[in-house]
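> Structure in structure tokens, see below.
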Amino acid sequence: KKKLLEELGENRLPYLTPADADFHQLWKTKYSKLIFRKSDTVPEELHQMVQESFLTLREHNCFFQDLVRIKGKDFLTPVSRILIGNPGCTYKYLNTRLFTVPWPTEGYDIKYCSPQIHDACKTLMRLNDYLHIEAVKALQGQNSFETKEIKDTTVIDREQSFATSLTDQGSVSKDQSGACVPEDAISLKNRTSYNLTLLNYMDPLQMLYLKQEPYFGMGNMAVSWHHDENLVERSAVAVYSYSCEDSAVEESNEQELKGRDPAVWHVGLKVAWDIETPGLAIPLHQGDVYLMLDDLNMTHQHCVLAGLTPRFSSTHRVADCSRGTLDYIFGQCELALQNLQTDSDSMALSLKSLETAVVKQVEEIHNEVEFEWLRQFWFQGKRYLKCTDWWLKPMAKLEEFWRKMEIMTSLVLSEVRKEQQIEEQKNETISCFLLVLKERQKLRKEWTAR
């Protein structure tokens with residue numbers, strides 16, 4: 001096979017599946033922070049509820065292809081998605097901001113388009129709680145295992161401590177782990193408290209074209225090689241997979257079959273920027289779960305390899321919401337509007353300060369509200385009205401803030417035209433102001449073109 005590939009001029013790297021003899025050893029040494037749980041380890045009642053929720057959301061047309069931007073060009077994702085999570089949270093990837101359909105949360109008035117969608121979101125929140133607990137257990141298990149390995153220096157045969165089952169954890173190899181640092185409960189909680197899940201759906205037989213996996217020859221890809229974006233550092237990612245298998249498509253047991261079975265969905269993994277380590281292709285069946293722990297998402301890349309049947313997945317993440325929640329952007333707006341004042345007699349609006357730093361901060365917030373929130377939402381977010389109208393009120397509030405910031409921009413222009421302004425201060429303000437306005441103009445043209 002290698003000779004044939006060389007003759008064809010191809011330079012593909014090797015990859016292993018569970019049928020290969022060296023698969024478990026490779027997992028132990030290079031991929032030990034990937035934890036796999038077969039479906040029979042998950043409560044049957046939870047399986048049934050989650051899988052029914054997937055089908056309910058599909059029946060209500062709640063899955064959407066995203067228009068993402070890569071190197072200045074727009075592409076429709078082959079996978080259809082919906083984001084469900086904490087109220088007011090967003091998740092950004094490939095220059096596209098997704099807005100959560102909020103799951104039922106105490107203290108929030110959330111109206112759903114149907115009781116079935118409410119129940120589906122509630123079930124996904126229950127799955128989220130279950131996977132949080134599983135991630136904590138997995139991290140605690142790895143931490144205690146690392147500590148034991150360091151203390152127990154007399155152990156020579158490390159093979160005895162590693163189970164070859166897919167469902168067991170491996171030890172963390174030297175190339176994957178630094179010094180063992182004890183982890184407190186707060187850190188564990190922060191890195192496993194999932195605030196949203198990105199649900200995925202794809203029927204590969206409905207796709208006219210699927211990209212081929214380029215490095216190993218693993219076959220059709222539903223999702224290309226990537227690191228998950230916009231996550232809290234070293235946070236765990238948990239994935240529940242549900243491929244709609246039937247008797248027509250069964251996994252092949254033929255010994256002659258080399259590589260992964262193209263009828264079965266797989267997750268592929270590789271070490272980032274490594275052209276020597278073989279990749280892994282791990283089959284995914286109904287109700288299987290896998291966890292990417294600690295820094296695995298940064299040191300490795302993963303892809304999703306399409307099978308022949310439709311598949312859903314629920315990918316639970318600790319999204320970095322430091323700049324991605326309603327609380328954050330409302331706080332930014334309030335900060336900007338502190339520079340706007342109203343005359344008590346004439347009700348005329350004016351600016352409190354024309355200091356360069358103040359003007360720059362206000363105009364940058366102005367851009368953030370327009371391009372990171374309002375345009376992102378009305379470009380794609382309004383499709384979530386099929387599930388709930390929860391976002392309409394906060395978006396109306398943001399538009400009101402934006403209109404006030406438009407007035408503030410006009411007031412700056414009016415002020416710098418006045419002759420009594422000190423020339424040096426005026427030039428400094430104009431120079432800073434124009435940079436932000438040019439960026440705004442450029443982005444408005446881009447969005448209009450989209």
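The values are calculated or read from the model by the stated rules, or taken from the named source; none is laboratory data. What you see is a predicted model; the values in this text were computed from it and never measured. A quick note on method: Cβ atoms are made from the backbone with ideal geometry, for glycine too, and the neighbour counts reach across all protein chains shown. These accessible areas exclude ligands, DNA and RNA; they are computed on the full protein's heavy atoms, side chains included. Shrake-Rupley method; radii C 1.70, N 1.55, O 1.52, S 1.80 Å.
> Is one or more of the residues making up the range 432-449 in contact with a Leu (Cβ under 6 Å, 6 or more places away or on another chain), surrounded by 14 or more Cβ atoms within 10 Å (Cβ to Cβ) and in the same structural domain as PHE371 (by the TED database)?
No, the range 432-449 contains no residue that is in contact with a Leu (Cβ under 6 Å, 6 or more places away or on another chain), surrounded by 14 or more Cβ atoms within 10 Å (Cβ to Cβ) and in the same structural domain as PHE371 (by the TED database).
> Any residue in the range 431-449 that is more than 14 Å from HIS366 (Cα to Cα) sitting within a Cβ distance under 7 Å of a residue that is open to solvent by 60 Å² or more (accessible area, probe 1.4 Å)? List the pairs, counting only those 6 or more apart or interchain.
Matching pairs, first to second residue: CYS432/LYS360; TRP447/ARG375.
> Same structure, new question: Among the residues of the range 319-340, are any more than 17 Å from VAL369 (Cα to Cα), without any contact (Cβ under 8 Å) to a residue 12 or more places away in the chain, outside the structural domain of VAL232 (by the TED database) and open to solvent by 30 Å² or more (accessible area, probe 1.4 Å)?
No, because not a single residue in the range 319-340 is more than 17 Å from VAL369 (Cα to Cα), without any contact (Cβ under 8 Å) to a residue 12 or more places away in the chain, outside the structural domain of VAL232 (by the TED database) and open to solvent by 30 Å² or more (accessible area, probe 1.4 Å).
> Moving to a separate point now. Restricting to the range 284-306, count the residues that are within 14 Å of ALA222 (Cβ to Cβ) and either assigned to a strand (DSSP E or B) or modelled with pLDDT under 95 (or both).
The qualifying residues number 4.
> If you don't mind, another one. Looking only at the range 212-225, which residues are farther than 18 Å from ILE275 by Cβ, open to solvent by 50 Å² or more (accessible area, probe 1.4 Å) and touching a residue at least 24 places away in the same chain (Cβ under 8 Å)?
The answer is ASN220, and nothing else.
> Then there's this: Which condition breaks for GLU400 when tested against (1) open to solvent by 70 Å² or more (accessible area, probe 1.4 Å); (2) in contact with a Lys or Arg (Cβ under 7 Å, 6 or more places away or on another chain)?
(2)
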